[in-house]
Amino acid sequence: MRPVYPFSAIVGQEEMKLALLLVAIDPAIGGVMVFGDRGTGKSTAVRALAGLLPAMKVVQGCKYGCDPASATQRCDDCAKRFAEGAHPRAVQAPVPVVDLPLGATEDRVVGALDLERALTTGEKAFEPGLLARAHRGFLYVDEVNLLEDHLVDLLLDAAATGENVVEREGVSVRHPSRFVLVGSGNPEEGELRPQLLDRFGLAVDVRTPKVITMRIDVIKRRDAFDRDPVAFLNHWQKADNKIRRAIEKGRVRLDELTVPDSILERSAELCAALGTDGLRGELTLLRTTRALAAYEGADTVTLDHLRRIAPLALRHRLRRNVLDDAGSTTRVERAIAELWDLPPANVVVAS
C-alpha cells in the first residue's frame, strides 16, 4: 500500500486537526467541512486520520460492515441471519475512509446490478457502492463545492436517513449507510449548497502559513517523507500512537460526561443572539463540547470548552448581514465577548 503521511507530523492547522479528532471520538457531531487555500494539507489530514482510528468489530462476511452489537443498523442479510437465531462471528476491521471522486457516477456511489454475475449465472445481485463502503466510517469529498447536484442529493438523502435505498434494474436493496462526511473546498471556486453545508457539524477555515519557520518545517517534513517514507513513519509512530490512545480514551469517557444545564443555557443564548436557524447549532455545541472535554480528560464540560468550540460549530450557520461586513468567525467571537464578557479563545489540540 502507498504510505500515508502521519497525522502527528502535520505542521500547524490545529483547528482542522482538532475538528477531525472530535468527530472521530463522536461521529454524531456530523462531519467536518474544511474551507481553505489549495495546498494547505486538507486532503493529507483526512487521509492521515485513517491511520489513527482504532479497529471496529464487524459481522464476518458482511459486505456492508454491520455492527454485530447493533440491533437496529443491520443490512437485510444480517437481519435475516440474526432473526433465524444465527450468531455470526464478529471480527476486527479497520474503520473505512472512502474517497468520493468528483467524476463518480451515480451507480458508483449508491451501487448497482452486478453485471458479471448476472451474465454468467443469470442471477440478479447487488454490487455495493461507495455509500456501502463508507458505512461506520468516513466519506471524504475533495472539492465538494464542485460536486454535481444529483450526487449532492444522494449524500443528503443518506445523511438524513442513515441508509441507502436502491430501486433499479429489478434490484431492490436497502442497507445502512451511516458515515462521517468530510468535505474540503476553496470558496473562490464556487459556493456550497446550503442544504449540504447544514449537514456538516463543524466548519474549519485553513490558510497558507505566513510564519517563515512554519513554512520551512512543512517543506522539510514533506521532503523527508518523500525521500524515505518508512523512516519518516517510524519517527512519528510514537506521536501517532499517543493521539490514537487519546481517541480511545475519549470514546470511553464520552459516555461518562454530562453537559451541565448552565452550558446548555449559554449555548442556546449564543445561538439566539447570532440568529442561527433551527436547533442544530445547539445540538452540535452539546456534542462537540462533550467530545472536547472527553478528549482532554476533563471531569466536566466547562464554559471554556464552549468558548473554544463555538466558532467551529456556528460560523457556517450564520445568515449574511448586509449591514455587517465582519467575517463569521469574528461575529461569533464578538457575540461571546458581549454575552459573557470573555476574550476570544485560541483553539489548541491537546497533547
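The values are calculated or read from the model by the stated rules, or taken from the named source; none is laboratory data. Predicted, not measured: the structure shown is a model, and the values here were computed from it. Counting neighbours? That spans all protein chains shown, and the Cβs are built from the backbone with ideal geometry, glycine included. Accessible surface is based on the protein model in full, side chains and every heavy atom, while ligands, DNA and RNA are left aside. Shrake-Rupley method; radii C 1.70, N 1.55, O 1.52, S 1.80 Å.
If I ignore ligands, DNA and RNA and count only protein heavy atoms, how much of MET33 is accessible to a 1.4 Å probe, in Å² to the nearest 10?
Number for this one is 0 Å².
For the chain, what does the relative contact order come out to in percent, with C-alpha contacts under 8 Å and a separation of six or more?
22 percent
With every protein chain in place, what's the accessible area of ASP228 (1.4 Å probe, Å², nearest 10)?
80 Å²
Summarise the accessible area of region 1-50 (1.4 Å probe, protein heavy atoms) by the percent that is carbon and sulfur.
53 percent
Counting just the Cα atoms, what span does region 1-110 cover along each of its three principal axes? Round to the nearest Å and put the largest first.
Computed over the Cα atoms, the extents are 53, 31, 30 Å.
Among THR44, LEU181, THR289, whose Cα lies farthest out toward the positive end of the dipole of the chain, if unit charges sit on the beta carbon of Lys, Arg (+1) and Asp, Glu (-1)?
THR44
Any aspartates and glutamates with Cα under 15 Å of the LYS57 Cα? List them, leaving off those in the same chain fewer than 8 positions away.
Result set, ordered by chain and number: ASP67, GLU248.
If Lys and Arg each add +1 and Asp and Glu each add -1, what is the summed charge of the other residues whose beta carbon sits under 10 Å from the beta carbon of ALA310? Could you put the intermediate results ahead of the total?
Working: positive: ARG266, ARG307, ARG308, ARG315; negative: GLU333.
Taking every other residue near ALA310 into account, the sum is +3.
Ordering TRP340, TRP236 from largest to smallest accessible area (1.4 angstrom probe), what's the sequence?
So the residues, ranked largest to smallest area, are TRP236, TRP340.
Normalise the Cα radius of gyration of the chain by 2.2 N^0.38 Å (N = residues in it) and let me know the number. Could the numbers behind the result be given before it?
Details: Rg = 21.3 Å, N = 351, 2.2 N^0.38 = 20.4 Å.
Here the answer is 1.05, to two decimals.
VAL165 versus GLU338, label points 7 Å from Cα toward the beta carbon: distance in nm?
That separation, rounded to one decimal, is 4.4 nm.
Using a cut-off of 12 Å between beta-carbons, work out the net charge of the residues near VAL206 (Lys and Arg +1, Asp and Glu -1, VAL206 not included).
0
Using the Karplus curve 6.51 cos²θ - 1.76 cosθ + 1.60 with θ = phi - 60°, work out ³J(HN,Hα) for each residue of region 44-56 in order, rounded to whole Hz, and write x for Gly and Pro.
4, 5, 5, 6, 5, 4, 4, x, 9, 6, x, 5, 10
From the gyration tensor of the Cα coordinates in region 193-267, what semi-axes in whole Å does the equivalent ellipsoid have, largest first, with each one equal to sqrt(5λ)? Can you show the working numbers first?
Values: eigenvalues 240, 100, 36 Å².
Ellipsoid half-lengths, sorted descending, are 35, 22, 13 Å.
Where does the chain land at 222 nm, in deg cm²/dmol rounded to the nearest 500, when only DSSP H runs of n ≥ 4 count, each adding -39500 (n - 2.57), divided by all residues?
-13500 deg cm²/dmol
For region 177-216 and region 66-80, what is the separation of their C-alpha centers, rounded to whole Å?
The distance from the Cα centre of region 177-216 to that of region 66-80 comes to 33 Å.
Give the accessible surface of the chain per residue, rounded to a whole number of Å², with probe radius 1.4 Å and ligands, DNA and RNA excluded.
Here the per-residue accessible area is 51 Å².
Between the helical axis of 280-295 and the dominant principal axis of the chain, each derived from Cα atoms, what acute angle in degrees is found, rounded to the nearest 10?
Helix 280-295 and the main axis of the chain meet at about 90 degrees.
Applying a 10 Å radius around every beta-carbon, put 286-292, 266-272, 248-254 in order of their mean neighbour count, most first. If you can, show how the numbers build up before the last one.
Numbers: 286-292: 26.0, 266-272: 18.4, 248-254: 16.3.
Going from most to least packed, we get 286-292, 266-272, 248-254.
Counting only the heavy atoms of the protein chains, how much of ILE212 is accessible to a 1.4 Å probe, in Å² to the nearest 10?
110 Å²
Just round it to a whole percent: the fraction of Cα-Cα distances in region 66-113 exceeding 18 Å. Don't skip to the end; give the middle numbers.
Working: 583 of 1128 pairs.
Cα-Cα pairs in region 66-113 separated by more than 18 Å: 52 percent.
Given a 1.4 Å probe and heavy atoms of the protein chains only, how would you sort SER262, SER8, largest accessible area at the top?
Putting SER262, SER8 in descending order of accessible area: SER262, SER8.
Going by alpha carbons, how many degrees (0 to 90, nearest 10) lie between the helix axis of 149-161 and the longest principal axis of the chain?
90 degrees
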